[in-house]
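See structure below.
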Amino acid sequence: MRTFAIVNRKGGVGKTTTAVNLAYVLATSCRKRVLLIDADGQGNATSILLPSREYGGLGALLRGYAMCYAEVTEHTDVPGLDVLPASEDLWAVDLEAVVADGHRSFRAIRDLRDAVEEDDAYDILVIDCPPNLSTACVSAILASDSVIIPVLSDVCSTVGVADLVKQIDDLRDMNPGLRVSGVLFNQWHRAPVVDDAMTTLREECPVPIFQTVIRRTDKVPESGWAGRAVQAWSPWCSAARDYRAWVAELLAKEGIPCEQS
């Protein structure tokens, strides 16, 4: 079983879109059994893939209220794709970690991963992380094999990658197998500033950069408003096709077979 964390401390770079489309393509095109863990308190991945209501979700797991992943996971209408939803109390986990058993919170997703692997319940876990190194984000990174870093072409995205990689390196003592699979450019479009940003990052980035880029299209925000993955909302738009190409690149790089549907 493999676990991918989608991480960037900067908001608005496409983490949720990347996580949802990665999980969706793995489940539909590759026939993998996928669990998407929504570790972001905003719950955007949850709202895209699940009906609107309150969930115990990840907060219950991190706080020790749920002892089994089956208690907090939800089926979606996509065969092979389940979600461990975000919950409104995720903000409280950081406060409790300061005064209570913080080590339990940091171990929670790793313990879930181990239980899932022991039960052979899923093939791949995809974790949508919040735009900060919160308890939920650190717990996600410590449970992961690989980190994927989505970026835009602005200066904050490109400059911040090296700092993020350093922070991920600092966590490797607790997860020796952890590595950054690569940086993924989102919302690519033809413009000199975009080309300059890509050139700079490819020259200076301390980790690999995926060859596939995700093109900018209005279909992505449209799909968010519609509460659908862009793969379901507009499967032949540029971004949907790019995400499928990127997943193929990722799986080839990671040595994961894809059973084409």
query: How high is the relative contact order of the chain, in percent, counting Cα pairs under 8 Å that sit 6 or more residues apart?
result: 26 percent
query: Across all directions of projection, what mean area in square nanometres is found for the Cα convex hull of the range 126-257?
result: 8.7 nm²
query: Hey, got the dipole for the chain? About the Cα centre, +1 on K and R Cβ, -1 on D and E Cβ, debye to the nearest 20?
result: 720 debye
- prompt: Using 1/(1 + (r/R0)^6) with R0 = 25 angstrom and r between the beta carbons of A248 and H75, what's the FRET efficiency to the nearest 0.05?
  reply: 0.45
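Using R₀ = 30 Å, calculate the FRET efficiency as 1/(1 + (r/R₀)^6) where r is the Cβ-Cβ separation of M1 and H189; round to 0.05.
Rounded to the nearest 0.05, the efficiency is 0.25.
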- line: DSSP beta bridges in the chain: the antiparallel percent, rounded to 5, is 5 percent
- prompt: For the range 113-261, with only Lys/Arg (+1) and Asp/Glu (-1) charged at the beta-carbon, what is the dipole magnitude about the Cα centre, in debye rounded to 20?
  reply: 660 debye
task: At 0.36 nm per residue, minus the direct Cα-Cα distance, what do E204 and C258 gain on full extension? Give it in nm, one decimal, please.
output: 16.2 nm
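Using the Kirkwood formula on the Cα atoms of the chain, what hydrodynamic radius do you get, in angstrom to one decimal?
Hydrodynamic radius (Kirkwood, Cα pairs) of the chain is 18.3 Å.
Values quoted throughout were computed directly from the atomic coordinates according to the rules given, and no laboratory measurement underlies them. Treat the numbers as computed from the prediction; the structure is a model and nothing was measured. Positions of Cβ are generated from backbone atoms using ideal geometry, with glycine treated the same way; all protein chains shown enter the neighbour counts.
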